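What follows is calculated from the coordinates using simple rules that are stated; it is not laboratory data. Owing to the predicted nature of the structure, the values given are computational and were not obtained by experimental measurement. Cβ sites come from the backbone with ideal geometry, for glycine too, and all protein chains shown count toward neighbours.
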Amino acid sequence: MAGMLYLVPTPIGNLGDISIRCRQTLESVDFIAAEDTRVTLKLLNHLGIKKSLVSYYEHNKAFKGNVILDRILAGETCALVSDAGSPAISDPGEELVVLCAQHGITVCAIPGPCAVITALSISGQATGRFCFEGFLSTAKKSRREHLESLIGETRTMIFYEAPHKLLNTLEDMADTFGADRPISLCRELTKLHEEVVRTTLGEAIAKYTENPPKGEFVLVVAGAPVQEKVQPTADDAAKRVAQLMESGISRKDAIKQTAKELDLPKNVVYDAALTVE
Ligand code: SAM
């Protein structure tokens, strides 16, 4: 009988955040697949757990994924961990989940530390609707394209960012979304120097130009303000019909086009157009 894959989240700073269930799973599985075995070994030593480790990271995942799969198919259970936080979220794991699912292997995700959710909760930005955008590309062109694709985004947007790229990213964001767009910069979450700076893009640029950023950041950016839809009136419809007729369009077509443009029922536009000569 095939084994199982467990996705085990690990602390993003505070070792106390490892859950009882995560600990029990790390103790009970046959082996652990880790992004960096040295990092995971430190955690296991802290927990007093001895377990066989295999490495599974960005540059060996194609090959190692199949090795892990074969072991699970042969009946072993595996816990996948990344250096910190939830595996498969901007971390290796996504492909292993797909591979296991394709082979009918049960995948069990244990809930736990995740930088994106921790940051959103503490950000003070709207939490009802949000989108996670991961890391922006290091290449200026694709970073810009990514940001431009979010110009009309009204949901709260969340990004992971490294400190050395923070200023460039904030400048690109200010150019794209406007310097007055609210942002919460969530730094060193769950660690001794945890800090949440709730400000605007323009002010964040000023702050971090003066004091170069240090530590790990999650950027929680307010979405674009929702534009109130103004309901067109019969007068608007009459004016538009008149405009179209002046340009040579027949009354019938002008009514049809106006109804479509203003998203009004045709009979409403028809009645409004009775006043148009
Ligand atoms: N899978 C992990 C998760 O979802 O928590 C994220 C891994 S990703 C490679 C690392 C990024 O997560 C960092 O560059 C930073 O943006 C964010 N991050 C991780 N730990 C953090 C912390 N303690 N405080 C702020 N951001 C953190």
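If you wrap the Cα atoms of the stretch 1-65 in a convex hull and average its projected area over all directions, you get 5.0 nm². Taking amide H positions as modeled 1.01 Å from N, with prolines and chain starts lacking one, the residues under 5 Å from Ser55 and 5 or more places away or on another chain are Ala34. Only the Cβ atoms of Lys and Arg (+1) and of Asp and Glu (-1) were treated as charged; on that basis the dipole of the chain about its Cα centre amounts to roughly 380 debye.
The residue among Leu219, Val54, Ala242 whose Cα reaches farthest toward the positive pole of the charge dipole of the chain, with charges on the beta-carbon of Lys, Arg, Asp and Glu, is Val54. How high is the relative contact order of the chain, in percent, with contacts defined as C-alpha pairs under 8 Å that are six or more residues apart? RCO, the chain: 17 percent.
In the chain, inverting the average of 1/r over every pair of distinct C-alpha atoms gives 22.5 Å as the Kirkwood radius. Hey, what angle do you get for helix 37-47 against the long axis of the chain, alpha-carbon based, 0 to 90 degrees rounded to 10? Roughly 70 degrees, rounded to the nearest 10.
Taking amide H as placed 1.01 Å from N in the peptide plane, Leu80 has its amide H under 5 Å from the amide H of Tyr6, Leu7, Val8, Ala33, each at least 5 places away in sequence or on another chain. When exposed loop sites are taken as trypsin sites (Lys or Arg not before Pro) in a DSSP loop with at most 10 other Cβ atoms within 10 Å, the longest stretch of the chain clear of them is 130-228.
Across every pair of non-identical alpha carbons in the stretch 58-142, the mean reciprocal distance, once inverted, gives a Kirkwood radius of 15.2 Å.
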